[in-house]
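K.L.:
To start, I am sharing the structure in question, which I have written as structure tokens.
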Amino acid sequence: MTIDAPSLTRRIPTPPWGDPRDRRTVTYDAFVKTGGYKALEMALDQQPGAVIETVKAAVLRGRGGAGFPAGLKWSFLAPIDGGRRYLAINCDEAEPGTFKDRLLCDFDPHLILEGIAIACYACQLDTAYFFIRGEYHHQARVMERAIEEAYANGIFGGKGLLRGKVPFKVDCHVHRSAGAYICGEETGLLEAIEGKRGWPRIKPPFPAVKGLFGRPTIVNNVETLAAVPGIIEHGVDWWKKQGCESSIGAMPSYGSKLMGVSGHVNRPGVYEMGLGITLRELVEKHCGGIRGGRRFKGAIPGGVSMGVLGTDQYDVAMDFDIGVKGEVLGLGTACPTIFDETTDMVAVARNIVRFFKNESCGQCTPCREGASWAFKLLSRIERGDATTKDLDLLLELAGSMGLGPGTTICGLADGTNWAVRTIVNKFRPEFEARVRPRLVPLFVGA
Ligand SMILES: Cc1cc2nc3c(=O)[nH]c(=O)nc-3n(C[C@H](O)[C@H](O)[C@H](O)COP(=O)(O)O)c2cc1C
Ligand code: SF4
């Protein structure tokens, strides 16, 4: 797995990187030698509010899936009242096809910790929980070691950030997930940290007002926080130059992004790219093209919950406008999965829906029952036992599920909705070839 040059925001060396277990690349000393923790010092020289303003001006959009601007989220925090305030770092990364946060932990744990310390200082949060996917055993150990080093070197704990303009102390803990996709949803994650079943909460209240243990909490993705030191150190203009403006009058897509490419490409891996690169350029120029010289058939832009790009959408730009321009839910994690011309799209749809059916937490009827029924219908279509009526029923069922139609507590159900509708609508002939025409009863009138 590699991150291709340019390494715009990070101090990660260019490939080949060697083994991530090689401690020389990830120690506190190695990080400081390459300019690490300089941005934290720069942040500590400012008032916390000024740091938030810089992140706001950079329009750093969340890298966990929804693209919500981090600075704006930070400014929604409930006012300081002397009680505890938390940061929950989302490293659950259970979205199929997404593996970028794992790599950040492997190769640059102190960059993440620097981002955490800056966010805690800016928002005056005293405790950070690093919530990490249950299967990431190695990465959890890397983060634990890095946190120990950060304590020993006065980033966290007793001495803490006392040298800042506003003296401040932060504690940081690793919390390992028990292993469920829904624990990546921000309020499911908070429940899990509290030791409960990972059931998403009804919003509002949002975590910034009432989060962990009922206290104000910021939830941010690992990559979002890892981008903060670069913005503080090099400035807002530097950050903006790496991304692009919106071409549809929406919020801009500034900065670089880790794009983990998987599927039918010659060189799968994690590539750091400026937002706005086209999918074609990413695949053809950086990932060695499609395997076996085959043709592009479609792609998932960033996690299976985003839906699917069609064959004629290879030139779509990988930025936050992709929802409108590519007729998908959004950019998601910007980790595309590529399908070549041999891919069976009925099987793709069935496989994705099977995932959502298994991962639904079961609180909302449309998600719990809907995903199960969609799976049954898709299995019937795959077997060749369905009629055109089943296809219409499948579309109607999927379209009724999720935050979009307003029938569920969280966005997991929107994943089923978008996956089904985009795959069926963009590859309809493939589905029609698998179903029998609707049987019209021959009535002999009474
Ligand atoms: C079902 C579901 C799973 C999610 N999984 C993750 C995840 O693994 N990692 C993540 O950062 N965000 C995940 N999210 C998004 C989070 O709810 C939240 O928006 C994000 O952590 C906020 O961080 P950001 O603003 O820095 O992106 C998920 C959302 C849903 C609905
Ligand atoms: S939408 Fe699905 S996963 Fe989300 S809370 Fe409802 S039942 Fe649970």
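Every number in this text was worked out from the coordinates using simple rules, so none of it is lab data. Predicted, not measured: the structure shown is a model, and the values here were computed from it. Positions of Cβ are backbone-derived with ideal geometry, glycine not excepted, and every protein chain shown enters the neighbour counts.
K.L.:
Work out the length of the dipole vector of the chain about its Cα centre, built from +1 on the beta-carbon of each Lys and Arg and -1 on the beta-carbon of each Asp and Glu, and round it to the nearest 20 debye. Present the calculation step by step, with values, prior to reporting the outcome.
P.N.:
Values: 54 positive and 50 negative charges, 99 e Å.
So the magnitude is around 480 debye.
K.L.:
Right, here's the next one. Please compute the Kirkwood hydrodynamic radius over the stretch 345-432, one decimal place, Å, based on all pairs of different Cα atoms.
P.N.:
12.5
K.L.:
While we're here: Using only the alpha-carbon atoms, how far is helix 388-399 inclined from the longest principal axis of the chain? Give it as 0 to 90 degrees, nearest 10.
P.N.:
Approximately 20 degrees, to the nearest ten.
K.L.:
Right, here's the next one. Among the lysines, which fall within straight-line cross-link reach of residue 240, defined as a Cα-Cα distance under 22 Å, with same-chain neighbours fewer than 8 residues apart omitted?
P.N.:
Filter leaves 38, 56, 73, 100, 257, 325.
K.L.:
What do you get for trypsin sites (Lys or Arg not before Pro) in the stretch 334-433 restricted to DSSP loop and a cutoff of at most 16 other Cβ within 10 Å of the site's Cβ? Present the calculation step by step, with values, prior to reporting the outcome.
P.N.:
Working: sites: 350, 354, 357, 368, 376, 380, 383, 389, 421, 426; in loops: none.
Answer by residue number: there is no such site.
K.L.:
Report, to one decimal in Å, the Kirkwood hydrodynamic radius for the chain based on all distinct Cα pairs. Display every interim value, and only then the final one.
P.N.:
Details: mean 1/r = 0.0441 Å⁻¹.
So the Kirkwood estimate lands at 22.7 Å.
K.L.:
Could you work out [θ]222 nm for the chain from helices alone, using -39500 (n - 2.57) per DSSP H run of at least four and dividing by all its residues? Round to the nearest 500 deg cm²/dmol.
P.N.:
My calculation for the chain gives -11000 deg cm²/dmol from helical runs alone.
K.L.:
Translational D (Stokes-Einstein, µm²/s) of the stretch 217-364 at 37 °C and 0.692 mPa s when Rh comes from the Kirkwood sum over C-alpha pairs?
P.N.:
200
K.L.:
For the stretch 23-241, what does the relative contact order come out to in percent, with C-alpha contacts under 8 Å and a separation of six or more?
P.N.:
Reported relative contact order: 30 percent.
K.L.:
How large are Rg and Dmax for the stretch 236-302 when only the alpha carbon atoms are used, in Å?
P.N.:
When restricted to Cα atoms, the stretch 236-302 yields Rg and Dmax of 13.5, 42 Å.
K.L.:
Connecting C-alpha atoms closer than 10 Å in a GNM of the chain, tell me which of 109, 96, 79 has the biggest fluctuation.
P.N.:
Per the Cα network of the chain with a 10 Å cutoff, 79 tops the list.
K.L.:
Which whole-number percent is the relative contact order of the chain (Cα, under 8 Å, 6+ apart)? Write out the running numbers ahead of the final one.
P.N.:
Values: 945 pairs, mean separation 68.4, N = 446.
After rounding, I find 15 percent.
K.L.:
Follow-up question, since we're still on this one. For 345, 251, which order do you get if you count the other beta carbons within 10 Å of each Cβ and list the fewest first?
P.N.:
Values: 345 20, 251 15.
Ordered by Cβ neighbours within 10 Å, fewest first: 251, 345.
K.L.:
Work out the charge dipole of the stretch 23-241 with +1 on the Cβ of Lys and Arg and -1 on the Cβ of Asp and Glu about the Cα centre, then indicate which of 239, 111, 212 is farthest towards its positive end.
P.N.:
Towards the positive end, the residue furthest out is 212.
K.L.:
Moving on to the next point. Please quote Rg/Rh for the stretch 256-340 to two decimal places, taking the Kirkwood radius as Rh and restricting both calculations to Cα atoms.
P.N.:
On the way: Rg = 11.1 Å, Rh = 12.1 Å.
Expressed as Rg/Rh, it is 0.91.
K.L.:
Quick one: net charge around residue 421, please, counting Lys, Arg +1 and Asp, Glu -1 for every other residue with C-beta under 14 Å from its C-beta.
P.N.:
Working: positive: 426, 428; negative: 327, 392, 396, 414.
Residues near residue 421 contribute -2 overall.
K.L.:
Right, here's the next one. Select from 48, 167, 200 the residue whose mean-square fluctuation is largest in a Gaussian network model of the chain (Cα-Cα springs shorter than 10 Å).
P.N.:
Fluctuation is largest for 167.
K.L.:
Here is a follow-up. Rounded to two decimals, what is Rg over Rh for the stretch 23-241 when you use alpha-carbon atoms and the Kirkwood radius?
P.N.:
Working: Rg = 15.9 Å, Rh = 17.1 Å.
Answer for the stretch 23-241: 0.93.
K.L.:
Just going by the charge dipole of the stretch 326-443, with Lys and Arg at +1 and Asp and Glu at -1 on Cβ, which of 346, 335, 393 is farthest out on the positive end?
P.N.:
Ranked along the dipole, the leading option is 393.
K.L.:
Right, here's the next one. With both bridge residues required to lie in the chain, what share of the DSSP beta bridges run antiparallel, to the nearest 5%?
P.N.:
45
K.L.:
Okay, moving on. Taking neighbour counts of Cβ atoms within 10 Å as a proxy for exposure, in what order, fewest first, do 60, 44, 72 appear?
P.N.:
In increasing order of surrounding Cβ atoms, one gets 72, 44, 60.
K.L.:
In what order do 95, 281 fall by count of nearby beta-carbon atoms within 10 Å, going from fewest to most?
P.N.:
On the way: 95 22, 281 15.
Fewest-to-most ranking of 95, 281: 281, 95.
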